[in-house]
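Written out below as structure tokens is the structure these notes cover.
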Amino acid sequence: MRRFSLLLGAGVAAAAAPAVVHVAVGFHHVRFTGTTHVYTVGFSAFVAAVAAVGLTAIAARRGDTRTMVVGTAFAVMAGLLALHGFSTPGVWFGNNSVVAITGGATLPAGAIVLVFSVLPLPRVLRSVLPFLLVEATLLAVIVALGMSALIWPSLLPPVPAPGGRDALALLAVGMLAFGLVTLRAVRTFLLTRRPLDLAVAVGLVWLATALVPALTMNYEQLGWWIGHEVELDGILVIGIAVAIDLARAAQSRPLAGDLTAAELVASEDLFLGSQVRALTATLAEKDEYTERHTRRVALRAVQVGDELGLSRGRLRTLAIGGLIHDIGKLAIPDDILKKPGSLDDDEYATVKEHAERGYRLLTELGGFSEGVRDLVRDHHERLDGKGYPRGLTAGQLTLDARILAVCDVYDALISNRVYRDAWSEQNAIDYLRAESGTAFDERCVEALARVIGRDSACAPAPRTTLVEATT
């Protein structure tokens with residue numbers, strides 16, 4: 001938790017730094033040459049173009065049109081930045097409207113395109129070739145319109161004054177768009193707690209910060225030039241973070257798709273860290289059934305937690321706790337854990353020790369929050385105090401522990417065991433309902449029933465197919 005707090009604090013400080021600098025010195029008057037502007041903007045355009053080509057190429061090869069949306073956003077910004085630098089007055093052209101309009105439109109246009117990665121894409125744009133054609137056409141239109149306006153200046157309307165009504169309206173649109181994509185990046189970070197996802201969020205805040213001087217200041221103010229530098233830095237940070245992410249995974253989740261809690265369970269090595277993955281791998285070597293069981297329980301637990309409106313941080317805790325809730329079984333002898341029949345009283349007493357042993361193991365290893373360790377110890381507790389190892393009662397059990405307890409029992413009931421056949425999903429839910437209020441939390445049972453019902457409606461396949469898909 002301390003590491004997360006430090007990381008989050010560093011991210012907030014980094015995100016706020018450009019705005020602080022802008023407020024402190026942005027209104028100072030300066031004089032820079034047009035050549036300086038050309039080189040500054042030209043480098044930004046080059047970086048955005050490299051990001052656009054790289055993202056589009058990787059995404060096209062994988063058939064990932066959502067990542068292609070991100071590539072298109074960078075392509076749009078690259079095209080507008082190139083025009084912005086190329087049209088700098090006093091270098092190759094005289095005073096013109098292109099430099100002002102492209103300078104003000106670059107960031108809002110890029111943000112608006114990024115928003116489309118949040119929305120469902122039209123069916124025609126879910127294939128790579130049509131999407132490539134749309135991206136190429138959009139870029140060609142931008143360049144053609146810009147060059148035409150340089151040749152025939154009358155094509156463009158009068159340039160809105162910095163800070164005027166039209167400029168402020170465009171600023172509002174751009175900030176709203178950046179706000180939406182930044183919110184998704186932050187949501188992803190709260191689930192994964194990865195520095196890369198935080199870097200994307202910081203880069204988006206920098207781009208939003210750069211939008212303010214672009215639309216409210218002029219080239220004689222230092223803040224206008226600082227905005228250009230912050231814009232470049234934002235593009236660099238996002239581009240590098242996304243490139244690293246794509247090298248490791250199929251998508252860059254902060255920008256190309258809202259990460260779900262269920263995906264944490266499916267890809268714990270990417271999103272939950274190597275320590276969790278090492279423990280699940282060790283458990284699989286010990287007992288393959290137990291590892292598959294913990295994975296199914298974790299999936300159901302985060303689905304139920306999401307259904308009940310748990311925060312992103314608590315969903316992450318529930319995912320980790322679910323995946324390793326039976327890790328204490330590493331200490332249970334194989335002849336008991338894998339016994340092909342019912343356990344006697346002494347053997348059952350030994351198995352019941354796994355909750356406390358798991359808690360002690362995680363404490364010794366370090367790196368696991370108190371919430372995760374409590375889930376491992378408390379997942380067999382019951383509301384009426386008849387659970388183990390501590391005999392806790394309703395007032396002592398967190399909602400997270402209640403969720404895990406319900407999902408653990410549900411999966412155990414619907415699984416085949418050597419000493420009994422699997423129950424049907426409906427019979428398992430009926431049993432949990434009958435025990436609601438005494439052993440199990442009614443809210444958790446009903447939330448699980450809704451989740452199961454939706455899964456059955458969306459994928460009317462046999463239960464064994466669902467189990468195979470989640471192992």
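Among the helices (runs of 4 or more DSSP H) confined wholly to the stretch 183-266, which include 3 or more residues that are in the same structural domain as ALA19 (by TED's automatic domain parsing), within 30 Å of THR33 (Cβ to Cβ) and not small (Gly, Ala, Ser)?
On the way: elements: 195-216, 222-248, 253-256, 261-266.
Those helices (runs of 4 or more DSSP H) span 195-216, 222-248.
Kindly indicate whether ARG66 is basic (Lys, Arg), in contact (Cβ under 8 Å) with a residue 12 or more places away in the chain and more than 25 Å from LEU198 (Cα to Cα). No; evaluated as a whole, the condition is false for this residue. Taking first residues from the stretch 70-81 that are farther than 11 Å from THR102 by Cβ and partners that are in a helix (DSSP H, G or I) and among the aromatic types (Phe, Trp, Tyr), the Cβ contacts under 9 Å between residues at least 6 apart in sequence or on separate chains come to THR72/PHE131; ALA78/PHE46. One residue stands out among those in the stretch 430-445 that are free of Cβ contacts under 8 Å to residues at least 60 places away in the same chain and in a helix (DSSP H, G or I): the one that is farthest from HIS380 (Cα to Cα), which is ASP430.
The residues listed here are GLU353, GLU381, GLU370; of these, the one that is in the same structural domain as ASP421 (by TED's automatic domain parsing), closer than 17 Å to LYS286 by Cα and out of contact with any strand residue (DSSP E or B) (no Cβ under 6 Å at 6 or more places or on another chain) is GLU353. Does at least one position in the stretch 66-78 carry a residue that is of a type in the set (Phe, Trp, Tyr) and under 30 Å from ALA241 (Cα atoms)? For the stretch 66-78, residues of a type in the set (Phe, Trp, Tyr) and under 30 Å from ALA241 (Cα atoms): present. Tell me yes or no: at least one residue of the stretch 149-166 is in a helix (DSSP H, G or I), within 22 Å of ARG312 (Cβ to Cβ) and either in contact with a helix residue (DSSP H, G or I) (Cβ under 7 Å, 6 or more places away or on another chain) or at pLDDT 85 or above (or both). There is no residue in the stretch 149-166 that is in a helix (DSSP H, G or I), within 22 Å of ARG312 (Cβ to Cβ) and either in contact with a helix residue (DSSP H, G or I) (Cβ under 7 Å, 6 or more places away or on another chain) or at pLDDT 85 or above (or both).
Restricting the stretch 272-295 to residues that are in a helix (DSSP H, G or I) and in contact with a Gly (Cβ under 9 Å, 6 or more places away or on another chain), which is modelled with the lowest pLDDT? So that I can check it myself, show each step before the final result.
Kept after step one, since they are in a helix (DSSP H, G or I), are these residues of the stretch 272-295: 274-286, 288-295.
Then keep just the ones that are in contact with a Gly (Cβ under 9 Å, 6 or more places away or on another chain); that gives 275, 294-295.
Values: GLN275: 87, THR294: 94, ARG295: 93.
Ranking the qualifying residues of the stretch 272-295, first place goes to GLN275.
A count restricted to the stretch 345-384 and to residues that are in contact with a Gly (Cβ under 6 Å, 6 or more places away or on another chain) and touching a residue at least 40 places away in the same chain (Cβ under 8 Å) stands at 3.
Just checking, does the stretch 66-85 include any residue being assigned to a helix (DSSP H, G or I) and out of contact with any helix residue (DSSP H, G or I) (no Cβ under 7 Å at 6 or more places or on another chain)?
No; the residues of the stretch 66-85 include none that is assigned to a helix (DSSP H, G or I) and out of contact with any helix residue (DSSP H, G or I) (no Cβ under 7 Å at 6 or more places or on another chain).
The listed residues are THR350, THR317, THR363, and the only one of them that is crowded, with 21+ Cβ neighbours inside 10 Å, among the β-branched types (Val, Ile, Thr) and either part of a helix (DSSP H, G or I) or touching an Asp or Glu at 6+ places or on another chain (Cβ under 9 Å) (or both) turns out to be THR317.
The values are calculated or read from the model by the stated rules, or taken from the named source; none is laboratory data. Just so it is clear, the structure is predicted and the values come from calculations on it, not from any experiment. For neighbour counting, all protein chains shown are included, and Cβ atoms are generated from backbone atoms with ideal geometry for every residue, glycine included.
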